[in-house]
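Just so it is clear, none of the values below were taken in a lab; they were calculated from the coordinates. Owing to the predicted nature of the structure, the values given are computational and were not obtained by experimental measurement. Every residue, glycine among them, receives a Cβ derived from its backbone with ideal geometry; neighbour counts consider all protein chains shown.
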Amino acid sequence: MTDRTMERETMVTQQIERRGVNDRHVLEAMRDVPREAFVDAGMEELAYEDQPLPIGEGQTISQPYIVGLMIEAAEVRPGETVLEIGLGSGYATALLSRIAGRVYAIERHEALTERARARLGKLGYENVTLQSGDGTQGWKDAAPFDAILVAAGAPSAPASLKRQLAIGGVLVIPVQQSDRHQTLTRIRRTAEHEWDTEELGAVSFVPLIGAEGWTEDGQRAATNHVSARDQPLPEMISDAAEPLPDFDDPAFGALFDRYADRRVVLLGEASHGTSEFYRARAAITRHLIEHCGFSIVAVEADWPDAAVVDRHVRHRESRPSEDAPFARFPTWMWRNTDVADFVDWLRTHNEGLNSETQAAFHGLDIYNLSASISAVLDYLDDVDPDAAQIARERYGCLTPWQSNPAAYGRAALNQSYRDCEADAVAQLRSLLERQLDTEEKNGTSFLDAAQNARLVRSAEQYYKAMYYGGAKSWNLRDSHMFETLEHVLEAHGPEAKAVVWAHNSHVGDARATEMGAIRGEHNIGQLARERFGDQAALIGFGTHSGTVAAATDWNGEMEIKRVRPSREDSYERLCHAAGPPRFLLDLHRDRALKERLEKQRLERFIGVIYRPETELQSHYAEASLSRQFDAFVWFDETNAVTPVGVETRRDGVPETYPFGV
Ligand code: SAH
């Protein structure tokens with residue numbers, strides 16, 4: 001069996017300790033218990049990932065951090081007697097058995113109980129007693145308990161469990177607060193008829209089904225009304241909010257004059273398919289170019305495709321062999337009416353200007369990322385459809401679509417996927433060589449040539465990382481995008497100033513989000529702050545609800561999807577509650593507000609993939625808004641972009657190259 005001691009150590013330091021769990025009994029137990037023994041065969045590779053995983057019967061093994069947090073909250077000590085409801089995989093029971101004297105655990109699904117029994121037996125953990133059945137009524141014969149842990153969400157704390165606590169004992173249980181919102185709750189029995197209740201934070205668990213929990217069809221057996229809403233914060237946001245004028249009103253761009261002296265202004269977006277985000281960024285960029293001396297627009301797009309647009313907007317000759325730009329998934333990201341309007345504006349603006357004063361349009365992304373991904377998928381579809389399916393899931397990780405336990409499970413690498421590596425990477429190399437060859441024949445500009453040379457040097461590394469996905473490829477990609485930005489700035493001279501268009505997940509300082517703090521990922525925003533300090537402005541964008549253009553799977557069709565109203569425990573909900581429908585929130589204007597908005601909360605990230613069914617796991621992550629951004633631009637209700645098809649010409653404007661055929 002593979003030795004996973006190192007992975008376990010990394011999990012404990014990065015996911016558990018760094019998030020503030022420091023009970024030494026918990027940490028020792030987590031260093032000791034082999035988590036891979038509690039996941040299904042074939043998923044061992046994922047055992048130490050920062051998330052829940054499927055374990056069969058529609059249930060999940062909890063995220064390691066949550067398990068650590070719950071045991072710490074239950075204050076379990078050596079020699080104690082503990083009850084766990086929702087045995088599941090048996091992992092939490094195993095940890096408890098390493099700390100407590102005796103552990104009792106109950107699971108509704110007999111198949112899970114038997115699987116857990118076998119696992120615990122094999123590991124020789126003997127101080128545990130298991131039972132199949134309804135745990136909401138506890139285990140009377142073994143009571144009282146020093147601690148009771150419940151690993152499923154209840155409508156309210158079951159009275160039976162409260163009564164089975166020893167005086168001084170602690171019950172830790174997720175309690176439902178509203179339709180989609182659970183709070184981890186600690187209840188301490190302080191006297192025969194007295195219990196103290198404390199809320200520990202938002203969590204997401206499967207339902208607790210039983211006599212004192214939920215019915216099978218989701219009816220609540222009891223109610224619990226506790227309002228955790230932070231009343232004054234929306235009011236503070238409302239006071240600080242500066243209303244946004246119409247996109248075409250020059251006053252819109254003028255609001256951003258405060259960033260006129262920056263070297264780089266990074267404009268984010270909360271999805272890759274929302275019209276308002278594009279139009280706002282276009283309005284800000286037009287102002288910065290016309291009035292503040294900015295001359296570079298650098299976007300999260302492939303270099304060669306953006307180069308076609310650049311030649312168009314700078315009135316340079318196109319190349320005869322040129323493919324239509326942005327013709328591959330996700331086409332709507334750049335082929336949409338908002339981008340087309342902005343490109344038209346840039347071209348008009350540049351007319352008659354000399355090449356030094358013209359505004360340029362560059363792509364920051366790893367050379368031909370989308371062409372490369374398509375090539376790998378085509379190749380794998382041919383030789384090994386299962387491996388192609390894995391690749392599709394893995395490419396999801398290159399976008400701000402986070403994992404969904406079920407899909408992630410399927411993305412576990414198998415041997416045939418590894419066997420395909422050499423051939424797939426070779427395919428990518430020859431694709432790159434072909435493209436560079438064509439460019440050379442056509443004669444490239446100096447900047448193109450320098451960029452190409454850098455790419456060839458690191459191509460192998462990129463392609464390997466892209467093939468395997470994960471944090472390493474994320475970091476390679478963002479480092480690459482930032483270095484490209486630096487090269488472009490350099491090529492445009494010492495005074496050059498750039499506007500960057502990229503997703504919030506690339507633009508907001510990664511150190512202020514789970515990405516950086518837990519997963520070790522960095523991004524353009526962080527690198528720009530490290531390099532340019534106060535000369536960089538990081539501006540995030542957000543929305544409450546509306547529609548968005550996105551796909552369900554990598555390479556899937558574009559769909560217009562409804563964006564779910566933001567979660568109650570999110571930053572978005574605070575902005576929604578503030579009231580004004582569209583505003584700029586300058587996070588440096590009001591010190592008190594900045595401090596309040598440093599508190600970690602959920603923030604929504606929608607990329608080219610949107611999966612509303614698993615929205616919490618797939619699209620929300622913890623962030624500290626005022627550390628992540630310098631300002632936040634808010635549109636309460638938003639609309640999907642209107643795509644411009646590869647074959648369509650826009651009405652009445654036949655020469656709309658590069659967006660026509
Ligand atoms: N600690 C477990 C979590 C499993 S998920 C792990 O890390 O693997 C929660 C489990 O609670 C599910 O397996 C579900 O079947 C179980 N469950 C739900 N209602 C229950 C009840 N009334 N009694 C016992 N188990 C229950």
Using alpha-carbon coordinates, inclination of helix 64-73 to the longest axis of the chain, degrees: 40 degrees
³J(HN,Hα), Karplus 6.51/-1.76/1.60, whole Hz, each residue of region 618-628, x for Gly, Pro: 7, 10, 10, 9, 6, 8, 10, 4, 7, 8, 6
Estimated FRET transfer efficiency (residue 166, residue 24; beta-carbon r; R0 22 Å; 0.05): 0.45
Those lysines that a straight Cα-Cα span of less than 23 Å connects to residue 472, excepting residues fewer than 8 apart in one chain: 464
Cross-link reach list, lysines versus residue 594, counting only Cα pairs under 30 Å and skipping chain neighbours closer than eight places: 497
The chain, helix-only ellipticity at 222 nm - DSSP H runs n ≥ 4, -39,500 (n - 2.57), divided by all residues, nearest 500: -11500 deg cm²/dmol
Tilt relative to the chain, helix 369-383 - C-alpha long axis, 0 to 90 degrees, to 10: 60 degrees
DSSP beta bridge pairing in region 5-227, given as percent antiparallel to the nearest 5: 50 percent
Estimated FRET transfer efficiency (residue 132, residue 219; beta-carbon r; R0 41 Å; 0.05): 0.95
Shape call, region 280-331: gyration tensor on alpha carbons, a/c limit 1.5: oblate
Packing-based ranking, highest mean first, of 36-49, 618-631 given that Cβ atoms within 10 Å are counted: 618-631, 36-49
HN-Hα J in Hz across region 513-528 - Karplus 6.51, -1.76, 1.60, θ = phi - 60°, x for Gly and Pro: 10, 3, 3, x, 5, 10, 9, x, 9, 10, 7, 4, x, 4, 5, 5
Length gained when the stretch residue 589-residue 356 is fully extended (0.36 nm per residue, less Cα-Cα span): 80.3 nm
Sorted peptide list for 472-481, 354-363, criterion being average Cβ within 10 angstrom, highest first: 472-481, 354-363
Rough spin-label spacing in nm, given labels placed 7 Å along Cα→Cβ, for residue 622 and residue 344: 4.7 nm
Quarter of the Cα convex hull surface for the chain, i.e. its orientation-mean projected area (nm²): 29.9 nm²
Long-range amide H partners of residue 203 with built H, under 5 Å: 182, 183, 184
Tensor-based shape of region 1-113 (alpha-carbon gyration tensor, a/c under 1.5 rounded, otherwise prolate or oblate): oblate
Helix 110-122 axis, angle to the chain major axis (alpha carbon atoms, nearest 10°): 80 degrees
For region 154-220 versus region 322-354, the gap between their alpha-carbon centres in whole angstrom: 55 Å
Length-normalised contact order for the chain - Cα pairs under 8 Å, 6+ apart - percent: 14 percent
Cut-off under 5 Å, modelled amide H: who pairs with residue 620 long-range: 605
Built amide H within the under 5 Å cut-off of residue 55, gap 5+: 60, 61
Shape category assigned to region 5-227 from the gyration tensor of Cα positions, a/c cut at 1.5: rounded
